[in-house]
1. Inside the stretch 15-35, can you point out the residues that are assigned to a helix (DSSP H, G or I), out of contact with any helix residue (DSSP H, G or I) (no Cβ under 7 Å at 6 or more places or on another chain) and not β-branched (V, I, T)?
2. Just one of (1) open to solvent by 60 Å² or more (accessible area, probe 1.4 Å); (2) at pLDDT 75 or above; (3) touching a helix residue (DSSP H, G or I) at 6+ places or on another chain (Cβ under 6 Å) trips up A12, so point out which.
3. Go through the stretch 1-42 and give me each residue that's hydroxyl-bearing (S, T, Y) and more than 13 Å from the chain's Cα centre (by Cα).
4. So is A46 within 11 Å of the chain's Cα centre (by Cα), open to solvent by less than 70 Å² (accessible area, probe 1.4 Å) and at pLDDT below 80 or not?
Amino acid sequence: MNLQPLLLPSAAIAGFVALWYALGSVAGILWTPRALLIGGLLSLAAGGASM
């Protein structure tokens, strides 16, 4: 089983999550509905782009 094709998309998603967490925790908007919606949309976009 070759996991190399999953490496780049996984790193991109991890980067989005880390950036979202870092910026959201500083701004105090980490768990607002708008932040969750944007995070969900970004994860779908990153997941769709990897296919």
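The values are calculated or read from the model by the stated rules, or taken from the named source; none is laboratory data. None of these values were measured; they are calculated from a predicted model. As a convention, Cβ positions derive from the backbone with ideal geometry for all residues, glycine included, and neighbour counts pool all protein chains shown. Calculation scope for accessible area: heavy atoms of the full protein, side chains included, ligands and nucleic acids excluded. Shrake-Rupley method; radii C 1.70, N 1.55, O 1.52, S 1.80 Å.
1. To start, the set of residues in the stretch 15-35 that are assigned to a helix (DSSP H, G or I) comprises 15-27, 33-35.
From the residues that got through so far, the ones that are out of contact with any helix residue (DSSP H, G or I) (no Cβ under 7 Å at 6 or more places or on another chain) too are 15, 17-19, 21-23, 25-27, 33-34.
Selection gives G15, A18, L19, Y21, A22, L23, S25, A27, P33, R34.
2. (1)
3. Step one: list which residues in the stretch 1-42 are hydroxyl-bearing (S, T, Y), which gives 10, 21, 25, 32.
Scanning the stretch 1-42 gives S25, T32.
4. Working: within 11 Å of the chain's Cα centre (by Cα): yes; open to solvent by less than 70 Å² (accessible area, probe 1.4 Å): yes; at pLDDT below 80: yes.
Criteria met by A46.
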